[in-house]
Each structure stands twice: as C-alpha cells, then as structure tokens.
Amino acid sequence: MRYFVTIENEEDVSSIEMMYIQGVHDVLNMVDLCKSEDTYDLAALQLQNKLGDYDAEKTAMILNREVERYVPARVFDMVDRAVVISSVCQRYSELTGYTSQEARLVYLQIVREFPSYGSSYFLVTSGALSSKGSQEVVVAITPKGLFIIDNHTKEYIQNYLYEKILTWGHSPTQFILATGTVTSKKTVSFKCSSGKDMNDMMTVYVSASLRKT
C-alpha cells in the first residue's frame, strides 16, 4: 500500500522531487485518471522541468521521436498523434521563465486536484453500486475520501468524503462503512478479501486529516 501526504514546505526540494516523480509515473501509467486537456499541460510541465525554456526545433524533434514518454497512451486512442504534439508544443511555449522547481510544483498542483490522486485501488463486489449486470466495482481510497469507480466504464459513480463517514470496519470477507448522521445512518458494504488493508489505509488518512483540524 502507498500512503500520500501533503507537503507543507514548498522549499523542500527533495520531497517535491520525490512526489513529482511519483506523480509523473501515475499519470503516464493511468493510475491517476485525467482529461486529455490536462495531459497537454502536464506534458508541457514535464518538458519545462527537464529541458528548460521552449526551443521549437528541439521540442519537435523530441516529441516526434518519443511523445509517449510525456503523454498517457490512452490519449492516442482519442486524438491524432500530430494533434497531441501540436497541443503539447503550444502549452510548452507558454511556460518560458519557469524554473524546474516551479514546473514541478504546478504539475503537482494540477495532479492533486484529480479525484483519483493518491488512490489505492481495490476490486470489490457491491450489487447496489455496480452496473452492466456485473457486481464488481473499484474502490479508490485517497487522502480525501473513498471513491467508487465503475469497473467497466471507469467513471466515478459515488464518493464518500471522510467528513461524511461516521464509522467503518472490516471482516475477512467484507469492508463496511456507515455514512449520514447518527439518526439517519446508511450502511454500505463491499464483499472482498482486502478489508483489513482498506480499513488500515482509511484509518491513516482520517487520522492525518484530524491532526490538521
């Protein structure tokens, strides 16, 4: 399991670099799901961090050869490769003057807004929240809350922010959480074998959230 924390000190170069490397990995490997438009900005920030200010000839050569190192593969299923390269170049040309540290911080600022940021994913069974005749859904546990993702469409179908969750628990075959109010409580259960891991991760994130209040 991976736990994600917020870095309070933007001058902490080594910690920012560590989170940036993880962020780039998660975006390119589609662990963090983002819109195509966001991927162009993120690719441009990668290039600014790595190469410095925009150089049209050099950038065109690099992207024509290895644009896949900067843009998630799924984007090319929806958008022509030449359009992707042109869009990234446009964004990159607007970043002149950004330092590497500034590019990393903006990158992380964008990524942290994704609902999937910092997610650990668990495949579970829940007849009440599934679709297309299947009972399988994906539970994404993040620093902000618990998100339910349709296992077929990959769309977010429900979310439970930590401040809305009353309690949670697990057994060898289930993970259970209660939401709402004490007088109007709703229980949601998931069949799984990973209940303990889900429980432990939520406990860490909720504890961290409480320490900030």
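The values are calculated or read from the model by the stated rules, or taken from the named source; none is laboratory data. None of these values were measured; they are calculated from a predicted model. A quick note on method: Cβ atoms are made from the backbone with ideal geometry, for glycine too, and the neighbour counts reach across all protein chains shown. Keep in mind that these areas ignore ligands, DNA and RNA; they rest on the heavy atoms of the full protein, side chains included. Shrake-Rupley method; radii C 1.70, N 1.55, O 1.52, S 1.80 Å.
Data for the structure
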read-out: Accessible-area composition of region 68-196, carbon plus sulfur, in percent [1.4 Å probe]; value: 51 percent
read-out: Folded to 0 to 90 degrees: helix 56-66 orientation relative to the chain principal axis, Cα; value: 50 degrees
read-out: Nearest 10 degrees, 0 to 90: helix 195-212 Cα axis against the chain principal axis; value: 70 degrees
read-out: Extension reserve of the Ile176-Val83 stretch, reckoned as 0.36 nm per residue once the Cα distance is removed; value: 28.9 nm
read-out: Net charge of neighbours whose Cβ lies under 12 Å from the Cβ of Ala43, counting Lys and Arg as +1 and Asp and Glu as -1; value: -2
read-out: Per residue value of the accessible surface for the chain (all protein chains in place, 1.4 Å probe), Å²; value: 54 Å²
read-out: Region 12-112: GluC sites (Glu not before Pro) falling in loop per DSSP and having at most 14 other Cβ within 10 Å; value: Glu94
read-out: Positive-end extreme of charge dipole, the chain - chosen from Ile110, Val182, Asn49 (charges on Cβ); value: Val182
read-out: Rg in Å to one decimal, and Dmax rounded to a whole Å, for the chain via C-alpha atoms; value: 19.8, 65
